Structure formats: structure tokens, C-alpha cells
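**Student:** This is the structure, below, for whatever I ask next.
Read-outs: derived from the displayed coordinates by stated rules, not from any lab. None of these values were measured; they are calculated from a predicted model. So basically every Cβ, Gly included, is an ideal-geometry build from the backbone, and we count neighbours across all protein chains shown.
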């Protein structure tokens, strides 16, 4: 907020001489008193600010080191998804008793490339009337550069289930679940596809 300065007497005299030559827009209204131009407007009462109390960064933390890896939460969310396929078939799937008809390995791909490749793979598999495919993402690198910004571990592993639940893949995917150990375990997903309509 800028501070207003007081009008000097010579400035007031100049104003009066200029104002005296002007025709008023509303002659029926009284002219403002010249005295008010010299007096400063009363300052608005400022709210009393409370001083900032001393603190230390992280003083309210619960003492645990924050986990930068989202994978445990991802596993919990995968288990919480409702089973939309036949329960008996789902049981066989979870025990690794079903054999995937096709597989894709997304290791080493960037997120953008992997998304496009996965979309094409799933749509082709659905068009070929395949029911179970295996998507290998890997578990992610276990590196920590100790930088200020946390880096998510297993970016593809985290994103693939999300991509499978949004269009255009959501219309052809019936169930997504973590693969059995014989098919890659935590680094892969079973994707059970719907039957093509037709």
C-alpha cells in the first residue's frame, strides 16, 4: 500500500487557480472544502499482528521417515478393487493357474511411450479375442539421489493400472490384478479382457 503525502501550499494554490477557471458539471452541488485537501486522511486501524513463534522444520512430524515409494498403497488399492469376473476363474488367475495368451514388456520405456504401446497392445489383443494378457512393468529402480524432490519408484507399475481403468481401455478391460510369482509377481499385471461384442 502506498503512503499518501500531504499537499503543499503552492500545489493547493495552483489547484485553486485551475479549478476557478473550470465550469462545474453539477452547479447545484456544493464545492469540496479546500481545507480537506491539506489534511491527511485518518489512517485505517491496522489489525494487531501476532508475532511468529519460533519453530523448526518438521517439528510436528510423527517421527517416521516419509516413504517416497507409493507401491505399498498401490498394492492395497489393487486388492480393494471389486472382482468383476467369474469368481472361480478369478481364483485360478490369482493362483497362477491360467496361462496368459499374450504378453508385453514395458521395461525401459518412457511413460509416454509405454502408454501408447500398452493402449495398442490391449486393443489388438481384444480384437483378436484374447481373454488374458500379461503386462510386465518391472518393480522400478531402487535408487535414491537424495534430492529435494521425491522420485516415485516404479512409475510404470504405478501408472499401468490407472491407464487400464480409463478410456479407451476401460471399455475392454474386465479385471486387473497383480500377477502370480511365476509370471512376474509384483512387477507384472494380469489383464482379463471382456469378450468382443458382435
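**Student:** Mind ordering 160-172, 180-192 by average Cβ neighbours within 10 Å, highest first?
**Tutor:** The most tightly packed comes first, giving 180-192, 160-172.
**Student:** Same structure, new question: Determine, for each peptide in 8-20, 104-116, 123-135, the mean count of other beta carbons within 10 angstrom over its residues, then list the peptides with the highest first.
**Tutor:** Going by the mean number of other Cβ atoms within 10 Å, highest first, we get 123-135, 104-116, 8-20.
**Student:** Quick one: if you stick a label point 7 Å off each Cα along the C-beta vector at residue 22 and residue 99, how many nm between them?
**Tutor:** Placing both labels 7 Å beyond Cα along the Cβ direction yields 9.5 nm.
**Student:** On to the next question. On full extension of the chain, what length is gained from residue 7 through residue 92, given 0.36 nm per residue of separation minus the C-alpha to C-alpha distance?
**Tutor:** 21.7 nm
**Student:** Based only on other Cβ atoms within 10 Å, what is the fewest-to-most ordering of 60, 97?
**Tutor:** In increasing order of surrounding Cβ atoms, one gets 60, 97.
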